[in-house]
Amino acid sequence: MDDFVCTFLDPPLRPSIDPKHVLSGNFAPVDELPPTACAVVEGSLPPCLLGGAYIRNGPNPRFAPCGPHHLFDGDGMLHVITFTSPDEPTFCSRYVKTYKYTVEQKTGHPIFPSVFSSFNGLAASILRGLLTVARVVTRQFDPVANGFGLASINVALIGGHLFALGESDLPYAMKVTPNGDVITLGRHDFFSDEPFSIMTAHPKMDPQTGEAFSFRYHVIPPFLTLFIIDPNGKKQRDVPIFSMRSTSLTHDLAVTRNYVVIPDIQLVMDFMEIAKGRPPARVDLDKVPRIGVIPKYAEDESELVWIEAHGLNVIHFSNAWEEDGGETIVMVAPNPTFVEHALDRLDLARPIIEKIVINVKAKTLVRHPLSNQVLDMGIINPTYAGKKNRYVYAGIVAQPMMLVGVVKIDLSAEDSVSGGGTVASRLYRPGCSGSELSFVPREPGNPAAEEDDGYLVTYVHDENTQESHFIVMDAKSPTLETVAAVKLPGRVPTGFHGLFIKESDLNKL
């Protein structure tokens, strides 16, 4: 029946869901790779990396799709490099063994539907919906009890444990073994006293308290629920947000000293669209985006303030902090100029990094573009999370949804909009593209260290040579010069978010 729908009922596929397009080039999936030694081919690894590991998540479909496929549909795969010695790191690629992965591994082909690609044309949508119901009734799978399990977006340390995360399920606990392998421990609900089934892929850690601030969205009221995971990894009580008017595909949140900031964006989930033969995940251009500000430890939404923000659709926060004794919140975030392309083509969406200044009492905000370049995946020195920082490091976006270089933006520069705030930049060689950066301080734990005293690490793939490298860049260099490069034994496909784990944290996993 799947083959019939794909062959005869699917309309011509637009590029964003055509697997021939979506899974081409470095978006093509790779096989698992067991722990394999690799060589440092340029420079030398800084001491602050030794004993630690860099982990990056991304979509990597286990089975070739027979029909429509969106980039967001791929099974999660972690690409991990561990620095067991200064001369011979170990690299490994492993699937996150989610419920979806294990079920489809048994059936031998993909059977889970996707809100981004499965519903195209009325006939195909109806039949795929009936097929899903039939599979649940016959117990081929039970997504209500076990989730949809992609876990392909992010990795995070919460309560001293490592998790792979996705929007459609609970996080999956992971472990990096002493020999550099990666093991899936299982779906995790943070010892919750009340059942819940999904969670954002971008929980925000408070480095001062060790708490993780998180949320989940719903298709029925309340459309969004906030909650905290304490330093011991236990979920606290829910704070439902009933003033959210529809299901917003809110992807990230910001945390300051006293507040949580929630974006209510124009990316929405509307399952009534399936009855029209359209995907439920869509862009609502008639909706006015808003920014919500609520005290971190609010017991309900009575103190929540909503501020309308026309044209502001924050998908990823780089950082946020307070000024003027808490009366002002400053946020730094990329914003898609053309949000209608945000689900299809990041390069056409043209994200621009902005500084957003919120007056909490007056309920107003002012926006300042920080660069005229198309940039995304902005990161900071993680020790400055929730505090005022000076530097943001972001990827230069090019067609099609690839990061072809890096910029360093000085937030204190007065003439940032014309490019004066860009104090360092680097383009990769033609044919090369990289992943999201991670910042590693040169002297972890040194309070006197300068904010940019450290290294930027990432994976870079060269289409010309079909080789992937792990590279280390000097964050202080005006050209972000390479300090070290490791040739990897396997290709690293274009993916999403990554994390460096220092030795002391890695040993606790």
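Some points to look at:
- Surface/4 estimate of mean projected area, convex hull on alpha-carbon atoms of segment 360-483, nm²: 9.2 nm²
- Stokes-Einstein D (µm²/s) once Rh is taken as the Kirkwood radius of segment 138-197 over alpha-carbon pairs, at 25 °C in 0.890 mPa s: 195 µm²/s
- Residue order, fewest to most beta carbons within 10 Å, for His188, His109: His109, His188
- Rg/Rh for the chain, where both radii come from Cα atoms and Rh is the Kirkwood radius: 0.94
- Orientation-averaged projected area, Cα convex hull of segment 268-374 (nm²): 8.4 nm²
- Cα pair count fraction exceeding 19 Å, expressed as % - segment 209-261: 29 percent
- In segment 1-83, chymotrypsin sites (Phe, Trp or Tyr not before Pro) in a DSSP loop with at most 16 other beta-carbon atoms within 10 Å: Phe63
- Ascending count of other beta-carbon atoms within 10 Å, so fewest first, for Arg390, Arg94: Arg390, Arg94
- Tail fraction, Cα-Cα pairs, segment 72-181, threshold 22 Å, whole percent: 43 percent
- Applying a DSSP loop filter and a limit of 12 other Cβ atoms within 10 Å to the chymotrypsin sites (Phe, Trp or Tyr not before Pro) in segment 122-217 leaves Phe191.
- Its residue count N fixes a reference of 2.2 N^0.38 Å for segment 324-373, and the Cα radius of gyration divided by that reference is 1.37.
- Taking Cys92, Cys38 and counting other C-beta atoms within 10 Å, the order from fewest to most: Cys38, Cys92
- Cα-based values for segment 172-276, radius of gyration first and Dmax second, are 15.9, 52 Å.
- Note on the chain: helix-only mean residue ellipticity at 222 nm, from DSSP H runs of 4+ residues weighted -39500 (n - 2.57) and normalised by residue number, equals -2000 deg cm²/dmol.
- With the biggest extent put first, the Cα atoms of segment 1-150 measure 58, 33, 21 Å across the principal axes.
- All distinct Cα pairs of segment 1-82 go into the 1/r average, and the inverse of that average, the Kirkwood radius, is 15.6 Å.
- Loop-resident trypsin sites (Lys or Arg not before Pro) (DSSP state other than H, G, I, E or B) in segment 419-509 with no more than 14 further Cβ atoms inside 10 Å of their Cβ: Lys508.
- Net dipole in debye of segment 1-507 [+1 Lys, Arg Cβ; -1 Asp, Glu Cβ; about Cα centre; nearest 20]: 760 debye
Laboratory data are not the source of any read-out in this text; all were calculated from the coordinates shown. None of these values were measured; they are calculated from a predicted model. Because the Cβ atoms are built from the backbone with ideal geometry, glycine has one as well, and the counts that use them run over all protein chains shown.
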